[in-house]
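Peer 1: First the structure, which I've put down as structure tokens, then a few questions once you've had a look.
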Amino acid sequence: MAVASSDTAIRTGRITRTFLYLVLILFALFYMLPLYVMLVNSVKPLSEITGGGMMSLPQVWTLEPWSKAWNSAQIGVEPTGLAPYFWNSIKMVVPAVAISTVLGALNGYVLTKWRFKYDTILFGLMLFACFIPFQIVLIPMARILGELGLAGSTAGLVLVHVVYGIGFSTLYFRNYYAAFPTELVRAAQIDGAGFFQIFWRILLPSSGPITVVCVIWQFTNIWNDFLFGASFASGGGAPMTVALNNLVQSSTGVKEYNVHFAGAILAALPTLLVYIVAGRYFVRGLMAGSVKG
Amino acid sequence: MGFLDIDNATKSYGAVEVLHKVDIAVEEGEFLVLVGPSGCGKSTLLNMIAGLEEITSGEIRIKDNVMNGVHPSKRNIAMVFQSYALYPNMSVGQNITFGLEMHGTPKEDRDAALKDVSKLLQIEQLLDRKPGQLSGGQRQRVAMGRALVRNPDVFLFDEPLSNLDAKLRVDMRTEIKKLHQKLGTTIVYVTHDQIEALTLSTRIAVMNGGYVQQLGTPKEIYDNPANLFVATFMGSPSMNLMDVKVRANGNAIFAETTNDAGDAISLTFANPSEELKAHDGNTITLGIRPEAITDPDGADRGSSHVETVENSVMVTEPAGSDTFVTTTLGGTECIARLRADADVQPGQRVPFAINMEKAVAFDPKTEARIN
């Protein structure tokens, strides 16, 4: 009896499993369809696309749309390609991510290990940064950037993104450090370590997973931001997203869809790379932060 | 003037006073144990000595220097935490020398100190490992090493053994005691375990509800508890308490109660004090430790007042080294501690020898001991 019943259990298990995999594969294909369309069309000549073969594999393989998108496509009035704007984005993202992550870590450290009166209220107020829609702050931010003399500069964009990013990075690090044993901080105090020494020597080295989470989150958000880039950066100083828009939306000449597809993939590549390199830690870090908080 | 003076130290959180005028003078080389149930204020007091919590009023002095408001790192103290609080990202060696590094000790001196301490604690082979790779006992040693290397005036231990399993806890207890005898350092040790308190200390402060209930040597605390709380908290199984009537007959004072059959019995007090005589006719609480109720063959031959009472056995609990027997005296259950090979069965009526020299009397109203 026992043997027979376990036999059937295995068989039903196998059937359910096959069904599950089928469904999952179907969904995966469906989700990957847009990526397929983009990749396929970025490596075929324009004539094949306009001829109606958007879903088919290219008859002639070419990398020309990629080099054109990178080097020589018409962005606004200059035929520069996306390359200079890519570097604009890097120059904006790297400092903005670094500064907002470090500040978030410091905030989290203070809010959990150097508690003061009304600290939870302050933390609650900081969390508003996560919920305020970007559009609301456009005009006041433009005014502040003007007063600071940062209007239209990359430094100005960095400032905007740091200010917006602190809310999230503080949330991440506060929740992570809330689970960090306070006894360690006390031991370090007795050992004679100061405020920053405790931070650099004890807390930060143990913050790997949450730092990765924070960096991925900030990097993706800042890299993909369009609104601030379009509002606060002008002409040659615009980030990748704005340049891509200018490339695709240009109202003169022929619409080079293959170049557009290549440009769009170029614009998405860095965030993809960050996910592939650090994605493993992303899930782990999210879990670590969510255990206590 | 002691080595470490706790002088009327009080701690309040807002309007709530959690420690009430604690007054303890610790001599150099003393091993003081603060013991009490959860929430009695023992850890708060330790943190106040460490400087991790502020003192609301009163003073704490180390070597006659007032420590109020002095930063923990400048008090020349070292602390061993319950969780050991080893820095997870540093190796054992770095953990031990971190404090020296923060105090600006040169590298050669740090290495020399690390060598001495790791030899003393036999952790030389562990120095390159991370805390995560150590067992509980090893972590405990590293935590002690980190405290020892600083060569502090006062060592503070915050329930250091409570995370270890039972056997290791007993081993480390002996280890700590050995270390104290060898180095002669001044130690303040917090625990909720009364056995740890009795075995380790040179003096114990029993705390409850933010008050020091009694301060004394382990023997004083155990034999002459100041009140009912101390009597029941210290000792395992705890002291038997029963309501008895005091009856004076000339110079002799009797405690009148009943055995389990309801027959009246009277127990003679060994050395009745004037205060006890004054309670003639009153009901008092009589406290007798389990080991003072035993089989007649196992009774203390040096005692001048052993009373023998016939009583029946309710439950026997052989514990290897002793046999614990539950019986009834004066309507309340009592635990007697018999020899391991005492031949008693539940339901039997056997004679019990009660050593009245070890009996203590308490006033049921004030709960204080009647001297």
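The values are calculated or read from the model by the stated rules, or taken from the named source; none is laboratory data. Predicted, not measured: the structure shown is a model, and the values here were computed from it. We place every Cβ from the backbone using ideal geometry, glycine too, and count neighbours over all the protein chains shown.
Peer 1: List pairs: first residue in the stretch B:51-63 and of a type in the set (V, I, T), second residue outside any strand (DSSP E or B) anywhere in the structure, Cβ distance under 7 angstrom, at least six positions apart or on different chains.
Peer 2: B:I55/B:M48; B:I55/B:N68; B:I60/B:M48; B:I60/B:I49; B:I60/B:M67; B:I60/B:N68; B:I62/B:R75; B:I62/B:D153
Peer 1: When you check B:F81 against the structure, is it among the aromatic types (F, W, Y), at the interface with chain A (Cβ under 10 Å from one of its Cβ atoms) and touching a strand residue (DSSP E or B) at 6+ places or on another chain (Cβ under 7 Å), yes or no?
Peer 2: Against the criterion (among the aromatic types (F, W, Y), at the interface with chain A (Cβ under 10 Å from one of its Cβ atoms) and touching a strand residue (DSSP E or B) at 6+ places or on another chain (Cβ under 7 Å)), B:F81 qualifies.
Peer 1: Considering each of A:A129, A:A142, A:A155, A:A193 in turn, give the residue that is within 13 Å of chain B (Cβ to nearest Cβ) and either over 30 Å from B:L156 (Cα atoms) or not in a helix (DSSP H, G or I) (or both).
Peer 2: Sole residue among the options that is within 13 Å of chain B (Cβ to nearest Cβ) and either over 30 Å from B:L156 (Cα atoms) or not in a helix (DSSP H, G or I) (or both): A:A193.
Peer 1: Evaluate the following for B:E333: is it surrounded by fewer than 18 Cβ atoms within 10 Å (Cβ to Cβ) and under 24 Å from B:N227 (Cβ atoms)?
Peer 2: When the stated conditions are applied, B:E333 passes them.
Peer 1: Any chance you could count how many residues in the stretch A:197-240 are in contact with a helix residue (DSSP H, G or I) (Cβ under 9 Å, 6 or more places away or on another chain), assigned to a helix (DSSP H, G or I) and within 12 Å of another protein chain (Cβ to nearest Cβ)?
Peer 2: Number of matching residues: 8.
Peer 1: Only one of these is assigned to a helix (DSSP H, G or I) and free of Cβ contacts under 8 Å to residues at least 12 places away in the same chain: A:V102, A:V97. Name it.
Peer 2: A:V102
Peer 1: Being of a type in the set (D, E, K, R) and at pLDDT 80 or above is the filter here, so list the residues in the stretch A:42-63 that pass it.
Peer 2: A:K44
Peer 1: Which of the residues spanning the stretch B:340-363 are among the aliphatic types (A, V, I, L, M) and over 30 Å from B:N227 (Cα atoms)?
Peer 2: B:A340, B:A342, B:V344, B:V350
Peer 1: OK, next. Inside the stretch B:292-371, counting only strands (runs of 3 or more DSSP E) that do not spill past its ends, which hold 3 or more residues that are under 30 Å from B:N208 (Cβ atoms)?
Peer 2: In the stretch B:292-371, the matching strands (runs of 3 or more DSSP E) lie at B:322-329, B:332-339, B:360-362.
So that you can scan it fast, the table gives a plain yes or no per residue for (1) at pLDDT 85 or above; (2) surrounded by fewer than 16 Cβ atoms within 10 Å (Cβ to Cβ):
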| position | (1), (2) |
| --- | --- |
| B:E256 | yes, yes |
| B:G262 | no, yes |
| B:E274 | no, yes |
| B:I284 | yes, no |
| B:I288 | yes, no |
| B:A292 | yes, no |
| B:D295 | yes, no |
| B:R301 | no, yes |
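Peer 1: Still on this model: On the basis of being at negative phi and either over 18 Å from the mean Cα position of the chain (by Cα) or at pLDDT 90 or above (or both), does A:I90 make the cut?
Peer 2: It is false that A:I90 is at negative phi and either over 18 Å from the mean Cα position of the chain (by Cα) or at pLDDT 90 or above (or both).
Peer 1: May I pose another question? Report whether or not B:I354 is crowded, with 19+ Cβ neighbours inside 10 Å, of a type outside the set (F, W, Y), in contact with a Phe, Trp or Tyr (Cβ under 6 Å, 6 or more places away or on another chain) and under 14 Å from B:M239 (Cα atoms).
Peer 2: When the stated conditions are applied, B:I354 does not pass them.
Peer 1: Could you say whether any residue in the stretch B:181-190 is crowded, with 21+ Cβ neighbours inside 10 Å, assigned to a helix (DSSP H, G or I), hydrophobic (A, V, I, L, M, F, W, C) and under 27 Å from the mean Cα position of the chain (by Cα)?
Peer 2: no
Peer 1: Here is a further query. Of the residues that sit in the stretch B:95-139 and are under 18 Å from B:Q82 (Cα atoms) and within 14 Å of chain A (Cβ to nearest Cβ), which one is surrounded by the fewest Cβ atoms within 10 Å (Cβ to Cβ)?
Peer 2: Applying the filter and picking the extreme gives B:G132.
Peer 1: Looking only at the stretch A:248-266, decide whether some residue is under 25 Å from A:V137 (Cβ atoms) and touching a Phe, Trp or Tyr at 6+ places or on another chain (Cβ under 8 Å).
Peer 2: no
Peer 1: Tally up the residues in the stretch B:120-150 that are assigned to a loop (DSSP other than H, G, I, E, B) and free of Cβ contacts under 8 Å to residues at least 24 places away in the same chain, please.
Peer 2: Residues that pass the stated criteria total 2.
Peer 1: Taking the stated definitions as given, is B:A205 in contact with a strand residue (DSSP E or B) (Cβ under 8 Å, 6 or more places away or on another chain) and either surrounded by fewer than 15 Cβ atoms within 10 Å (Cβ to Cβ) or not in a helix (DSSP H, G or I) (or both)?
Peer 2: yes
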